[in-house]
Each structure stands twice: as C-alpha cells, then as structure tokens.
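Presented below is the structure to which this report refers.
The values are calculated or read from the model by the stated rules, or taken from the named source; none is laboratory data. These figures come from a predicted structure and were not determined experimentally. Cβ placement follows ideal geometry from the backbone for every residue including glycine, while neighbour counts extend to all protein chains displayed. Surface areas here come from the heavy atoms of the whole protein model, side chains and all, with no ligands, DNA or RNA. Shrake-Rupley method; radii C 1.70, N 1.55, O 1.52, S 1.80 Å.
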Amino acid sequence: MLTQRYKCIVQYDGTHYVGYQVQPNGNSIQTEIEKALRKMMKGQTIKIDASGRTDSGVHALGQVIHFNLPIQIKPESLQLALNSMLPADISIRQVEKVSDAFHSRYSAKGKKYVYRVDLNRFADPFKRYHTLHHPYRMNLDALKASLDKLVGEHDFTSFCSTKTEKENLVRTVYVAKYEIDEAANELIFTFIGNGFLYNQIRIFVGTCLQIADGLKQPEEINRLLEVKDRNEAGPTASGKGLYLVEVYYDNTFKEKFTHF
C-alpha cells in the first residue's frame, strides 16, 4: 500500500502531561495526537515519531513529528481535522508533505530551547506552570561567564541524568546565553546545540543559577566538564520553565553563530 509521509510542527502546554512520549503512569502528548489520528482514520492506528521526548511539565513551541498515512490529504485539511480533535493545550501549527527519507528525529541537525525564570519577589500565579520562580539577587557577570564555558564540543556527563540510555555523551553547544525581559521581569536562557542529553538543559540551568547566586564560581563549569560526574553538578531545574522552540533540519543554521 502506498503511503504519504507528513511532517507537523506541534505546540503544546505540557503542564497536564507526563511528557511527550507514551507512558504507563499518565496521559502524554503522543497519546493525544495518536488518538486524534485514530479517530480521523476510523479506528486505524497511526504511529507517530517525534524529534525527541520532552519530560513531564515541559512545553513546546516547535516540536516536530512525522507519520505515514495510507491516504492523500491536503496539509491544510489535515491540520484542520487534527486541531478539531485535539485538546486545547495541543495545537498543530504547520503540516507539510515530505519524502519517506525524512525522519523527525534522525534527520534533525540541531535544536533550540529556552528556559524562563520569574524574577519577581512573589510568584506570579499566572506563571506558576510556565516559569521557575527564583526571586534572588544574582551576579549576572558570573552567570554569563558560566554560560560561555558551556559553548563548544564537550563530554557533558556531569550535565546528564544517570538514567540516560545514551553511551556517547559528547554534544556540541553553539549558543548558551541569557537575556532579561524587563517588561515581564524574567530571565530567559537560550540554548542551541546539535542535540541535548536527558535533563541536560535543566541541569545547565540549575548549576548556572547556583553560580549566579554566588554559591559557586564560574570556574566550577570547567571542573564539572573535567570530572564527568552527575553527582557533582547542580540540581535539575523544574521542567515547567523549559520550552522546545525549534528543531533544525538544515546544517546552515550553524552559520548564524559566527563566534563558534
């Protein structure tokens, strides 16, 4: 049977899900999308693949999935049909036909994440599921110095969960920076790399916030890269502040980062 492969860009609020991937302990983003496809295909199961899993509470502005359908359907019609059946906290933002050579995970060349930190003295109740509340005075020079040390190709064992199934823990980080959104009084971290390990960005944030708070010095990053021991790094920051922003499928995205 001839099939057509479709690529979708998906946005979701991960607050009420156990993560992207199907799990036995609760509802997932994947479950909801596959449920909508099964309904659309009148009971036929359609398997979907994603660029990667996101953890419980983590959000996405640009998650990428793909799947094969045994029918031809216009991308805009497919988008309309899926969004009419998905819950309000999941939205298909773009649909396009792709060749069978495309794979949302294996074709990916890089990813961009942001992490939002609420700096207000008292937690904003409207941000409680979407930011980490951290109302402390920080040394921003130390924060920048620590982030700068994460850029490059490194073995990130110290910044990876011990539960990872990956054997090769070497990754390349092209961008590790912060900015202050003064209107929202938020600290926004941005990380771009060729791929990220399980909990890597959340451990980056937890460790760098310790340095910004004066609990450790920026040189701590050098030591952590050297010792390759997860127990030596800072805490894993809450998933609720993390957003998968974009997945890159063309290596030209690296050309934007001339400093690397």
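At most 10 other Cβ atoms within 10 Å and a DSSP loop assignment: could you name the trypsin sites (Lys or Arg not before Pro) in segment 156-210 that fit? Please report the intermediate quantities before stating the final value.
Details: sites: Lys163, Lys166, Arg171, Lys177, Arg202; in loops: Lys163, Lys166.
Of the trypsin sites (Lys or Arg not before Pro), the ones in loops of segment 156-210 whose Cβ has at most 10 other Cβ atoms within 10 Å are Lys163.
Per residue, how large is the accessible surface of segment 57-105? Use a 1.4 angstrom probe and give square angstrom.
Values: 2270 Å² over 49 residues.
I get 46 Å² per residue for segment 57-105.
If you take semi-axes √(5λ) of the Cα gyration tensor in Å from the coordinates, which of [x] 35, 21, 16; [y] 32, 22, 18; [z] 37, 24, 16 do you get?
Matching the structure shown: [x].
For Gly19, enumerate residues with amide H under 5 Å from its amide H, sequence gap 5+ or separate chain, H modeled in the peptide plane.
It is Ile29, Gly57, by chain and number.
Which whole-number percent is the relative contact order of the chain (Cα, under 8 Å, 6+ apart)? Walk me through the intermediate numbers first.
Numbers: 542 pairs, mean separation 60.7, N = 260.
23 percent.
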